[in-house]
1. Residue 178 - would you say it is within 15 Å of ligand 1 (Cβ to nearest atom) and open to solvent by 40 Å² or more (accessible area, probe 1.4 Å)?
2. Only one of 43, 21 is under 23 Å from residue 131 (Cα atoms), near ligand 1 (Cβ under 10 Å from one of its atoms) and free of Cβ contacts under 8 Å to residues at least 40 places away in the same chain. Can you tell me which?
3. Would you call residue 142 more than 10 Å from ligand 1 (Cβ to nearest atom) and part of a strand (DSSP E or B)?
4. Can you find even one residue in the range 182-202 that is in contact with an Asp or Glu (Cβ under 7 Å, 6 or more places away or on another chain), within 16 Å of ligand 1 (Cβ to nearest atom) and either closer than 30 Å to residue 106 by Cα or assigned to a helix (DSSP H, G or I) (or both)?
5. Test residue 110 against the stated conditions and say whether it is at pLDDT below 95 and either buried (at least 20 other Cβ atoms within 10 Å of the Cβ) or in a loop (DSSP other than H, G, I, E, B) (or both).
6. Scanning the range 223-253 for residues that are within 8 Å of ligand 2 (Cβ to nearest atom) and more than 17 Å from residue 211 (Cβ to Cβ), which turns out surrounded by the most Cβ atoms within 10 Å (Cβ to Cβ)?
7. What residue, of 87, 133, is within 14 Å of ligand 1 (Cβ to nearest atom), surrounded by fewer than 17 Cβ atoms within 10 Å (Cβ to Cβ), modelled with pLDDT of 95 or more and not aromatic (Phe, Trp, Tyr)?
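The values are calculated or read from the model by the stated rules, or taken from the named source; none is laboratory data. From a predicted model like this one, the values you see are computed outputs, not experimental measurements. Here the Cβ is made from the backbone with ideal geometry for all residues, glycine too, and neighbour counts use every protein chain on show. Areas reflect the complete protein model, heavy atoms only, side chains present, ligands, DNA and RNA absent. Shrake-Rupley method; radii C 1.70, N 1.55, O 1.52, S 1.80 Å.
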Amino acid sequence: MAIVSGMRPTGPLQLGNFLGALDNWVKLQHEDKCYFFVADWHALTTGYEDTEKMKENIRLMVIDWLSAGIDPEKSVVFRQSDLKEHAELHLLLSMITPLSWLERCPTYKDQLQQLSDRNITTYGFLGYPCLMAADILMYKPEFVPVGEDQLPHLELTREIARRFNFLYGPVFPEPQAKMTKVTLLPGLDGRKMSKSYGNTISMSGDPDEIREKVAVMITDPARARRKDPGDPEKCTVFTFHKIFSPPEALPPIVEGCKTAGIGCVDCKKQLMENMIAKMDPIYRRRQSFLAQPSLVDDILAKGAEEAREVAQRTMSQVREAMKL
Ligand code: TRP
Ligand code: SF4
């Protein structure tokens, strides 16, 4: 049984994407056959107006994947738009998907509100979950590693699979969500990490970027002066320490903060060095991948070929079941 997951190429990945999803993909590679794909058609559902940066975004995202440790020898790494079979399956599934299922999908209503500056009252955007169902069912996976925000889509995928099997006979097993144990990384200011708040750190950040960003992080507001004691639980720097620093480094920080034994500047210095140590191998790998101009194209070409073998098999079964 396989594992399938995709990501939309909407720009450079953030440190939060790395800890929340990619890190998990890297581990899954050892458990099962993994299909990881660039969901470029899905990126069009909300970003169809400006496609100028699409190619570059795809390249940089795949380089981020490789830097994190996705191994194209082990996993099938491909681009959705290279597999026309996904479009065919999407079309066929769209025939059996009631409009009401799509309209009542919570992410649909949510996004319509949140992205009110764009016109996404389109056919394609409404069909987002239907396309996602095609992406997933194509490889008949056992698991789909996704974040919580994607659960409604996975539920719909199972409903669509059930309906297909009911109408035409059993073709699709129902995939389960593999909820990633996410390390939720807050933004630099303690709010949710989000590009629109300008509080992010990119996954590909070099040591200088990390130092700069940590230097401006908000600390416990009660520690206005060096001699004021603080509370690490009220401090984003400490939240980051819990993620990036070795466990034995934490008690002295707690103690030092509460007794004003250490200053925030020193506390941040420790954090910077621990973050740099953790991200440095990724950063180095990235530099070497960036220097190889045809690397991503080669990987995507090989991945498409491998994925196509499975996709063609599934589509033969689908056409046969539907008597096409
Ligand atoms: N909707 C997913 C997201 O935004 C991306 C995606 C598209 C996906 N197709 C998929 C994820 C299939 C898992 C499986 O994160
Ligand atoms: Fe935050 Fe560290 Fe300063 Fe305490 S000492 S307030 S944990 S930065």
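1. Here the answer is yes, as residue 178 does meet what is asked.
2. On inspection, the qualifying residue turns out to be 43.
3. In short, yes.
4. No: zero hits.
5. no
6. Ranking the qualifying residues of the range 223-253, first place goes to 230.
7. 87
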